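Since the structure comes first, as structure tokens, the remarks are kept for the end.
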Amino acid sequence: MKELTNDLPGIQIKSSGTYSHSGYGYPLTKELCEWADLIFPMELENEVFIIERWPEFRNKIHVVGIGDHYDVDDEKLVDLIHYWYNTKFNLYLFK
């Protein structure tokens, strides 16, 4: 995702995971949610995780809708993220 927004001035993206057992090195924290203007969890399950812990960030959340069953470098995942970015991301960015 960071690579997709490199040419957008003023856009900063941070990545994290909602589950410590996922093996992802950066767990989501309240501080990250406070920092973010928008939060894009991949799945509805991730949205529920965030809202259960920090309901005050409910209005920042927009579910991407891509399942968590891909390897990070899976070509299908990359294609889906590119599709979402090209069709949906700008709708949130330029509201």
What translational D, rounded to a whole number of µm²/s, comes out for region 11-74 from Stokes-Einstein when the hydrodynamic radius is the Kirkwood one over Cα pairs, at 25 °C and 0.890 mPa s?
200 µm²/s
Going by average Cβ neighbours within 10 Å, how do the peptides 36-47, 65-76, 81-92 rank, with the highest at the top?
36-47, 81-92, 65-76
For region 76-83, just list the computed ³J(HN,Hα) in residue order, Karplus coefficients 6.51, -1.76 and 1.60, θ = phi - 60°, integers in Hz, with x standing in for Gly and Pro.
4, 4, 4, 4, 5, 5, 4, 4
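Laboratory data are not the source of any read-out in this text; all were calculated from the coordinates shown. Everything numeric here is computed off the predicted structure, so don't read it as measured data. Positions of Cβ are generated from backbone atoms using ideal geometry, with glycine treated the same way; all protein chains shown enter the neighbour counts.
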